[in-house]
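All of the numbers you see were taken from the coordinates with simple rules; none came from a lab. Everything numeric here is computed off the predicted structure, so don't read it as measured data.
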Amino acid sequence: MRMPSILRNITPIGVFSKAAGGLALYTVLHDSHAHGKLIAEEHKEEKDAEAGLRYFNNTQYLTNKSESTAKMKEKLFEWELDDRIRGAWNASVGYSKGFWDMLTDHAIPLASSIAALGLKGKKALIGVAGLAAHAAYMFTVHVCSHLGKEE
């Protein structure tokens, strides 16, 4: 029986390069997503605190002796503390900043994984070599950096 033409095109180099590229791309996107979530929460909390302080300060000062004005300022402050739209917007802005920041930090493995996934045959090994070189560098810098140091 003859092998289907699709299966004849599968090579060990192709499988290896696609697996390495896919794993690296997953790792880059996972790290970017995790960092985006952290920055989203930080940015949201920071902006909520700034807005709360601004509206709280507004309740502390009256330009006239009107009790109605004071009550309106208090209601505005309470409404501002319950505002979910600003929080969602600031979380989205923070996520975007964090995601793209981490994605640009991982530019080399991102480009290498795209090369490993996008190129065919032995050319895909260029991306795999880039991934291997970057992994060796990261291992040396981050994992082995404490070796040989006297404490």
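Okay, here's what the table says:
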{"quantity": "Too-long pairs where the Cα-Cα distance tops 23 Å, listed order kept, from Lys47/Lys97; Lys44/Lys71; Lys47/Lys73; Lys37/Lys120", "calculated": "Lys44/Lys71; Lys37/Lys120"}
{"quantity": "Within straight-line cross-link reach of Lys75, aspartates and glutamates at Cα separation under 19 Å, skipping those fewer than 8 residues along the same chain", "calculated": "Asp48, Glu50, Glu67, Asp83"}
{"quantity": "Derived scalar couplings ³J(HN,Hα) [region 88-101; Karplus, 6.51 cos²θ - 1.76 cosθ + 1.60; whole Hz; x for Gly, Pro]", "calculated": "5, 5, 5, 5, 5, 5, x, 4, 4, 4, x, 4, 6, 4"}
{"quantity": "Karplus-derived HN-Hα couplings along region 13-20 (A = 6.51, B = -1.76, C = 1.60, θ = phi - 60°), whole Hz, x at Gly and Pro", "calculated": "5, x, 5, 4, 5, 5, 5, 5"}
{"quantity": "Shape of region 8-122, Cα gyration tensor, a/c cut at 1.5", "calculated": "prolate"}
{"quantity": "Sequence-separation-based contact order of the chain, relative, with Cα cut under 8 Å and 6+ spacing, percent", "calculated": "37 percent"}
